[in-house]
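Just below is one structure, and these are the notes that go with it.
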There are 2 protein chains.
Amino acid sequence: MSQVQNRQIVLNARPVGAPKPEDFRIEKHEVPELPAGHVLLRTIYLSLDPYMRGRMSDAPSYAPPLGLGEVMMGGTVSRVEASRHPSFNAGDLVSGFTGWQAYALSDGSDLSLLDSRINQPSLALSVLGMPGFTAYHGLLNIGQPKAGETVVVASASGAVGSVVGQIAKLKGARAMGIAGGADKCRYVVETLGFDACIDHRAPDFAQQLAAACPNGIDVYFENVGGAVFETVLPLLNIGARVPVCGLIAYYNDTQLPQGPNLVPHLLTQILIRRIRVEGFIILDHFATGFESFLRDMSGWVAQGKVTLREEFVDGLEQAPQALIGLLAGKNFGKVVVRVSEP
Amino acid sequence: MSQVQNRQIVLNARPVGAPKPEDFRIEKHEVPELPAGHVLLRTIYLSLDPYMRGRMSDAPSYAPPLGLGEVMMGGTVSRVEASRHPSFNAGDLVSGFTGWQAYALSDGSDLSLLDSRINQPSLALSVLGMPGFTAYHGLLNIGQPKAGETVVVASASGAVGSVVGQIAKLKGARAMGIAGGADKCRYVVETLGFDACIDHRAPDFAQQLAAACPNGIDVYFENVGGAVFETVLPLLNIGARVPVCGLIAYYNDTQLPQGPNLVPHLLTQILIRRIRVEGFIILDHFATGFESFLRDMSGWVAQGKVTLREEFVDGLEQAPQALIGLLAGKNFGKVVVRVSEP
């Protein structure tokens, strides 16, 4: 096995503002000899997700930052090429967190055999994996939508937002999406089955959103922040719930926006409308919640009740540009890098 | 009864910033003849509370604003002077919401006979009434402190804060107070039994608070906002809970503070530290929670486990100045106006 040539994309520089191609660097190394108790993995699919931007910075966050020169982190689906581990056999498909590289060695501790309920392996990175679980946990355990209530989610054509709205519909709520551009909005309504979807780029976005939510908003699933949050805030009902799983609008910011300071306004609205705002990091909940999520979601996917658009990018070398585009809202659906043939 | 001379304090002008004495006006009227089905009440105690400032403004809030010329609202303990109502007899003590006036007529719908568990009638306006219930509900149902956790509350010598810290101690948590001045801080520790209390006027307040919370903060009971909130925020632990019952720091504000806009920072902290911020208005919870609160709290008060300092102000005419002082943090304990002899 020592002849296997690996390609890795590493963090070359910490981005200032939006990441640039130069913030990444490709390296080529021979894969070391396979140690006892390990497997050699060939990456098939690499997931790209907004949280990656945060890990490229050294600002304090919920996880330590990636070191300069380290391989970019990321969820993957891989084929076991060779195994010296009792739980894995050559040919197995596994999901893991082996990052932006063509091959990886693993001691198996962070790997799972691909669940037999997952027929389409790339879905382990989206609707049946971390983004789907984020939508499921945040919406059902924090948002707790009741039948007839209005649920709003931004990035509604993205990996998390798509699933939020579809689960909201399954629970009898009204699902209202926000997305960038007419094509995405049409897809969100026609394919995903949301009740409506508003283009946040429209000059009258605020008026359109208010008109589309005549009974106000009961659950706002927060994954963007920024101008969308400010537009949603005045529409929140008494007792509204705001699960916060991401704030992509801020990830590339290098400084705080100009004043006035709206924190007093926000806290006042939270008080007088009895709003609950609650942050969560989905990694905290895998041990307790993933199994029941996967059971429910596999069923819904099999029955065609939840679907998701995947946007495939071919080749590991395309990953930096694809992440840059994702952070700018240029993707349409879940972004998956096809690193090698299944 | 038609000879009874009433005194009422009415809203004379909507305050701009801090209320001034001229924003109030005293009026004298004869009390009308007692109609059938009504009682005539003589006010003994009038409660002064921070929420009154909000009701003097016409900014949108959880309750309609008081009209100009209307009697200032407020919780009261009164003696039934005459009754044409089957449920009340002359001589009964009742709690109600009859406002800033010496006498009131009531059809009984907003009155309760003073609960037999309340030996000291003025306590029906504080520890055994709305402020005590605010502390109890917010801390136990939203804050949910666990033994060993750290609970922080500002206005720790005030009607709500006093009770928050004492309940926290009863639940095995560390209680950390914030108050204005050495006298209040000493009282909070020595009499109320908090573990520590920090003077927010100290130039090194932030350092003192951090040093007093070596394990961070698990529950911050928010009743002030402003600089205290900003000082607490970096100390909040992963999974912290922030019940929001009041924001006295902002009540007199006429404009938002200058920038930068810290909302992105606040939302980011909520996300990466999985914080839950939840507003509540205690009026929502009387029907479902007051009875069990009163049972618990009467027991704690009888056993000397919860106590509260009352600051009595003599005479209805002193109420405006006392409210102005309360909003400026000049009170020391629960402010009660003695309107007439028991």
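The values are calculated or read from the model by the stated rules, or taken from the named source; none is laboratory data. All values derive from a computational prediction rather than experimental measurement. Glycine gets a Cβ as well: all are built from the backbone with ideal geometry, and neighbour counts include every protein chain shown.
Among residues that are in contact with a helix residue (DSSP H, G or I) (Cβ under 6 Å, 6 or more places away or on another chain), buried (at least 18 other Cβ atoms within 10 Å of the Cβ) and more than 8 Å from every other protein chain (Cβ to nearest Cβ), B:Ile282 is included.
Among the residues making up the stretch A:230-266, those that are more than 23 Å from B:Gly279 (Cβ to Cβ) and of a type in the set (A, V, I, L, M, F, W, C) are A:Ile248, A:Ala249, A:Leu256. Taking the numbered list (1) surrounded by fewer than 19 Cβ atoms within 10 Å (Cβ to Cβ); (2) within 7 Å of chain A (Cβ to nearest Cβ) in turn, B:Ala302 passes all entries but (2). Which residue out of B:Pro121, B:Pro131 is touching a residue at least 24 places away in the same chain (Cβ under 8 Å), buried (at least 21 other Cβ atoms within 10 Å of the Cβ), touching a strand residue (DSSP E or B) at 6+ places or on another chain (Cβ under 9 Å) and not aliphatic (A, V, I, L, M)? The conditions single out B:Pro131. Within the span defined as the stretch A:177-184, one or more residues are under 18 Å from the mean Cα position of the chain (by Cα), under 17 Å from A:Lys330 (Cα atoms) and surrounded by fewer than 22 Cβ atoms within 10 Å (Cβ to Cβ). Taking the criterion of being within 14 Å of chain A (Cβ to nearest Cβ) and either over 10 Å from B:Tyr51 (Cβ atoms) or not in a loop (DSSP other than H, G, I, E, B) (or both), the residues of the stretch B:61-79 that qualify are B:Pro64, B:Pro65. Go through the stretch B:234-263 and give me each residue that's facing chain A (nearest Cβ under 8 Å), crowded, with 20+ Cβ neighbours inside 10 Å and over 18 Å from B:Gly161 (Cα atoms). Those that are facing chain A (nearest Cβ under 8 Å), crowded, with 20+ Cβ neighbours inside 10 Å and over 18 Å from B:Gly161 (Cα atoms): B:Asn261, B:Leu262, B:Val263. I'd like the full set of residues that are of a type in the set (A, V, I, L, M) and buried (at least 19 other Cβ atoms within 10 Å of the Cβ), limited to the stretch B:197-211. B:Ile198, B:Leu209 - these are the residues of the stretch B:197-211 that are of a type in the set (A, V, I, L, M) and buried (at least 19 other Cβ atoms within 10 Å of the Cβ).
Among the residues making up the stretch A:317-342, a single one is part of a strand (DSSP E or B) and surrounded by fewer than 22 Cβ atoms within 10 Å (Cβ to Cβ): A:Arg338. Filtered by the rule that a residue be within 9 Å of chain B (Cβ to nearest Cβ) and buried (at least 20 other Cβ atoms within 10 Å of the Cβ), the stretch A:214-233 gives A:Glu222, A:Gly225, A:Phe229.
In summary, A:Glu33 fulfils each of the numbered conditions (1) in a loop (DSSP other than H, G, I, E, B); (2) at pLDDT 95 or above with the single exception of condition (2).
Please determine whether any residue of the stretch A:16-37 is without any contact (Cβ under 8 Å) to a residue 40 or more places away in the chain, touching a helix residue (DSSP H, G or I) at 6+ places or on another chain (Cβ under 7 Å), outside the structural domain of A:Ala249 (by TED's automatic domain parsing) and crowded, with 21+ Cβ neighbours inside 10 Å. Checked the stretch A:16-37: no residue is without any contact (Cβ under 8 Å) to a residue 40 or more places away in the chain, touching a helix residue (DSSP H, G or I) at 6+ places or on another chain (Cβ under 7 Å), outside the structural domain of A:Ala249 (by TED's automatic domain parsing) and crowded, with 21+ Cβ neighbours inside 10 Å.
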